[in-house]
Amino acid sequence: MLVSLLLACATGTATDSADAQIDPSVPTWGADVAPIVERSCSGCHHEGGLGTGDFTTYAAARPMAGAMASALGASRMPPPAMDPTCRSYVGHERLVLTAEETALVTAWAEGGAPEGDPIDALTPPSISLDGADVEVTLPIAHTVAPDTDGNEYHCQVLENPFTEPTYITGFDVLVDQPAVVHHTLLAIDYGGDAGAGSGESDLTDGWDCRNPIAEDDWGILHAWAPGMEPTAFEDGGLLVNPGDQIVLQMHYYAQPSDVGTIDQSGYRFRTAPKVTHTIAMAPMGPTGFRIAAGEVEDATEDYLNDYNVDITVYGVFPHMHTLGQGYESTLQNADGSTTCLARANAWDFGHQMTYLYDEPAIWHKGETLTTRCTYDNTTDSTVTYGEGTNQEMCFFLFYYGVN
C-alpha cells in the first residue's frame, strides 16, 4: 500500500504562501484539504507510519503538495480498492476518493497550497481491531526455507484457546516478518488430522503444506494478504468449538537475502459466546488457466447455486498476484438482471482487503455466480495458475451464511 516514488514523482513544490498572491477561490488546507487528508491519507502518512511523508500538519504537508497532486492524478493514491458503486461496503468513504475530492486537492496544490485558517494537527484514523480478547501465534518460530522458486508453504496447528463453543467476530493478523509473508490462511481441520497427507512423520514443528495448500476437510476462517486491515463483523461470527484443530498456514515468498528469516506470526481475535448470524467462508474462482507472454487476458468461471436455500453473502476478499489488473464478480439473476458483488479496474498486490458489505447480498437458489479477473503479463514468459507469488490466481473468498 506504499508509494515509494511519491517524492520522485512530484511535479512541483508549492511556493511560499507569504510571497504568493493567493486567489480567494483556491481551496485551502484548513477548510478544504485537511478533512480529506485526515480521513483518507493520514492513517498511513504520519510520523512513523507506513506511507511516505507526514501529512498530519500543514507545515509537514505543504512541501508535499505537488507530490500529493501527482499521486492522485495518476491514481497511485489512494491505493486501489473495490468500487463502492458496485456494492457499498464498510469503510469505502475512507478508502476511495471521489473525482471532486481529487480535483480539490489538485487545485489546492496548483494554487500555491495556501493554509487558510490554521487548524490543529490531524488525528489519523485508528486501524485496529477493537475489543480483541484472544491472541494465538505459531507455537514454534519457523525459519523460512523456500523452494527454488522462492515460495514456501508452512503449516502448524495452533493451540485452541476455547473451552466453550465460541464465535470469532473479529480477526487481526499479527505479521511478524512482513517482508517475507505473502499470505496467511486460518482454518479448522474438521477431521482432526491436519498434515496427515504431507508425508512427514513428525508434525510437532509443522509441515510443508504446498501440496495441497488446503485439505479437503478444512473450513476456512480467515485469509490475509499484504495491506489488509482487521476484519470485524457487527452481529455475526465464525464458530470454533473446544477441541477443534485450528491450523495456520503461512505462505512465504523470500528473496535470497531473506532465506533464514525467523517468523512467528499469529492472530488476535475478538470473540463472543453468541451471535445473530453464523458465518462461514468459501473461495470461488477459476483454476488451470494460462496467461500468455505479452498478453492481457481474462480468466473466468461460472458457478451455479445448487443449494436448496438462499445464501446470504456478507462480504468478499478478492485475491490475485502481481499481474492482476482488475476483477469482477456478479450474480446472474433469474430475471436476466445482475447483482454486483465485487469490481475494481485497478489492482495493487500490496493493498488487498476484505470488504464487508453495508447490506448483505442474497444469492438465490438457481442463480449463477460469475468471477472474472484481468491480467497484464508484460513478461516474456507464459504465467500459469498456481499458488506461488510468481504464478497467478483469481479467487474471491466470500463470507456467507445459509438462510
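The table below gives the values:
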read-out: Criterion violated by Asp176 - all others in (1) without any contact (Cβ under 8 Å) to a residue 24 or more places away in the chain; (2) part of a loop (DSSP other than H, G, I, E, B); (3) not β-branched (Val, Ile, Thr) satisfied; value: (1)
read-out: Selection status of Ala145, small (Gly, Ala, Ser), touching a strand residue (DSSP E or B) at 6+ places or on another chain (Cβ under 9 Å) and under 17 Å from Ile262 (Cβ atoms); value: yes
read-out: Counted residues, region 82-97 - those being under 15 Å from Phe317 (Cβ atoms) and among the aliphatic types (A, V, I, L, M); value: 3
read-out: Residue satisfying all of: in region 80-111; over 23 Å from Thr330 (Cα atoms) and buried (at least 20 other Cβ atoms within 10 Å of the Cβ); nearest to the chain's Cα centre (by Cα) among these; value: Leu97
read-out: Boolean, Gly206 is surrounded by 21 or more Cβ atoms within 10 Å (Cβ to Cβ), over 17 Å from the mean Cα position of the chain (by Cα) and not hydroxyl-bearing (Ser, Thr, Tyr); value: yes
read-out: Matching residues, region 236-256, being within 26 Å of the chain's Cα centre (by Cα) and farther than 15 Å from Glu152 by Cβ; value: Gly236, Gly237, Leu238, Leu239, Val240, Gln245, Ile246, Val247
read-out: Residue in region 144-178 that is modelled with the lowest pLDDT, counting only those that are in contact with a Gly (Cβ under 6 Å, 6 or more places away or on another chain) and surrounded by fewer than 17 Cβ atoms within 10 Å (Cβ to Cβ); value: Asp149
read-out: Selected residue (criterion: surrounded by the most Cβ atoms within 10 Å (Cβ to Cβ)) from residues of region 21-68 that are outside any loop (DSSP other than H, G, I, E, B) and β-branched (Val, Ile, Thr); value: Val33
read-out: Residues of region 195-208 that turn out to be at negative phi, modelled with pLDDT of 95 or more and assigned to a loop (DSSP other than H, G, I, E, B), as a count; value: 0
read-out: Extreme residue, farthest from Ala81 (Cα to Cα), among residues of region 215-234 that are touching a strand residue (DSSP E or B) at 6+ places or on another chain (Cβ under 7 Å) and either without any contact (Cβ under 8 Å) to a residue 40 or more places away in the chain or charged (D, E, K, R) (or both); value: Asp217
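For (1) farther than 24 Å from Glu215 by Cα; (2) surrounded by 18 or more Cβ atoms within 10 Å (Cβ to Cβ), each residue gets a yes or a no:
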position: Ser265; (1), (2): no, yes
position: Lys274; (1), (2): yes, no
position: Ala280; (1), (2): no, no
position: Gly285; (1), (2): no, yes
position: Phe289; (1), (2): no, yes
position: Glu295; (1), (2): yes, no
position: Asn305; (1), (2): no, no
position: Asp310; (1), (2): yes, no
position: Gly315; (1), (2): no, yes
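The values are calculated or read from the model by the stated rules, or taken from the named source; none is laboratory data. The structure presented is a predicted model; accordingly, all values stated were derived computationally and were not measured. Reconstructed Cβ throughout: ideal geometry from the backbone, glycine too, with neighbour counts over all protein chains shown.
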